[in-house]
Amino acid sequence: MLPVLLLLLPALSPALAWIPVEDWESGNVTASVGESGQCLCHVYLPDTTFPADRVEHMQQVSKDLILEVKIQMNKMVSYEGKLEVYLKELMDLTVRVAMMESSGDNYIKLDFELLRIELREFEVLVSQLKDSLNSSSPMFDSLFTEIHNMTLIVNQLETFDRSNLEVIRIEFAKLQKKLEQCQEDQEIIKPDIGNCNHTGIMSLSKPMVVQLNAHLSSSYQYGGWGKDSKPVRGYESMYYYGAHTTSAVYDFYLYSNYENLILRSSFKNFHLPNGWEGTGNNYIVHGNTIYYQHNTPFSMSKLNLTSSKYDYRVISAASTKFSYSYSENQNLDFAADETGLWVMYASEGSKGKMILAKIDEKSFGIEHEWNTNVFKQLAGNAFMACGVMYATRSVDLNTEEIFYAFDTKTNEGKHVSIPFQKFQEKYTNMDYNPTDQKLYMYNNGYYVAYNVKFNKE
């Protein structure tokens, strides 16, 4: 068989040429002898049909992938070009920001969008004032015209140029002064500075909203602002401001005049050192000295703005358990009026009712005390005017009321009802200033002021 089989190999299919002889009896190849004695081979090969359609599909996919790669490479080139542009613009912006931050002028940090927002808010305030007074005074038309002109100027400014921004901020300050003067003229409240020949407060003007605080953040809800109630020579126009996101007291800023307050350009900044931090936000400036509540020990503290000297006095009866309704930790509330310097607090002995104490400025001690019948936790705040303590409380979201008055001359207290409008619901500081007979309120991060009208009957 073997020789015959070998002789027949050339006649077999070429597919058998590579099959080893030992595999011929395997499952793929069988051999047998036919009837005529010929050698028969049966080969079982796998499907040998060439998958041309698959190869074609693979070639098309390969072409598509190559094309996609080229497209993505072209995109990368485009992206790199754009990235270079963006990086250059970012670098330019970084340089501009660095230049602004390196400037000593705080107002340079304000952008023009903020000015536009302030102008829109200002226009709303003027409209509200016009509607509330039901007036058609030409002064309002003049204010609207100036607001429109300032808006055009802001829109035309193309850079953060120092001189341009300084001009616009100064013009804004002038506009605010005009609004304040307009409101004073409309309400005809003419102060009689230093005169206490009256029977007490008759009414308060509508709130005069100056602007948002110097931090430009409504989150600085706890703070105060105002003027020195007993200014030393040369500082009669000085304003102060301090605020934080909590009731803690860390910083005070001084401004030489109203314009610099508006421009947020302070001439001095006091950061309270470790151990002298305060709390409560019921501080005032009196005689070039800041009086505030000290943390540890719990006491009244003062900072001389000239010598930067600190001092404190403990009031043994004062308690930390009683604060005003709008804010915590307002245990000691400082006030000043035509008769001197005061501090208001409550004690456990008074069962939470307010105690009014006169401060001896020289010894920094308590000169005299008066017990009142008003519970401190029911009051929103309190202030002094001509020897009379006035306590306030909330009526609704937009209305506050002076509801209690205690006269230190007669040693008598009484309930009164003097409602006045609030700019926003809550406030953390309100003090009367005898130098201009105004109330200064820190209202949810905004500087707000009121003219005080006394009853001279």
Quick count over the range 396-417, residues being open to solvent by 80 Å² or more (accessible area, probe 1.4 Å) and without any contact (Cβ under 8 Å) to a residue 12 or more places away in the chain, is 2
Taking the range 340-369, which residues are β-branched (V, I, T) and open to solvent by less than 60 Å² (accessible area, probe 1.4 Å)? V343, I355, I359
Going by the structure shown, is S307 of a type in the set (S, T, Y), free of Cβ contacts under 8 Å to residues at least 12 places away in the same chain, surrounded by fewer than 20 Cβ atoms within 10 Å (Cβ to Cβ) and more than 13 Å from A357 (Cα to Cα)? yes
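Residue by residue, here is whether (1) free of Cβ contacts under 8 Å to residues at least 24 places away in the same chain; (2) part of a strand (DSSP E or B); (3) among the hydrophobic types (A, V, I, L, M, F, W, C); (4) open to solvent by less than 30 Å² (accessible area, probe 1.4 Å) holds:
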site: S325; (1), (2), (3), (4): no, no, no, no
site: N371; (1), (2), (3), (4): yes, yes, no, no
site: Q377; (1), (2), (3), (4): no, no, no, no
site: A391; (1), (2), (3), (4): no, yes, yes, yes
site: S394; (1), (2), (3), (4): no, yes, no, no
Going through the range 233-262 one residue at a time, which ones are surrounded by fewer than 22 Cβ atoms within 10 Å (Cβ to Cβ), more than 30 Å from T296 (Cβ to Cβ) and in contact (Cβ under 8 Å) with a residue 60 or more places away in the chain? E236, Y258, E259
If Q421 satisfies every condition in (1) over 30 Å from T246 (Cα atoms); (2) in contact (Cβ under 8 Å) with a residue 60 or more places away in the chain; (3) surrounded by fewer than 17 Cβ atoms within 10 Å (Cβ to Cβ) but one, which is the exception? (1)
Among the residues of the range 183-224, count how many are at pLDDT 85 or above, loosely packed, with under 15 Cβ neighbours inside 10 Å and outside any loop (DSSP other than H, G, I, E, B). 1
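The values are calculated or read from the model by the stated rules, or taken from the named source; none is laboratory data. Source: prediction; values computed, not measured. A quick note on method: Cβ atoms are made from the backbone with ideal geometry, for glycine too, and the neighbour counts reach across all protein chains shown. Quick note on the areas: whole protein, heavy atoms, side chains included, nothing else; ligands and nucleic acids left out. Shrake-Rupley method; radii C 1.70, N 1.55, O 1.52, S 1.80 Å.
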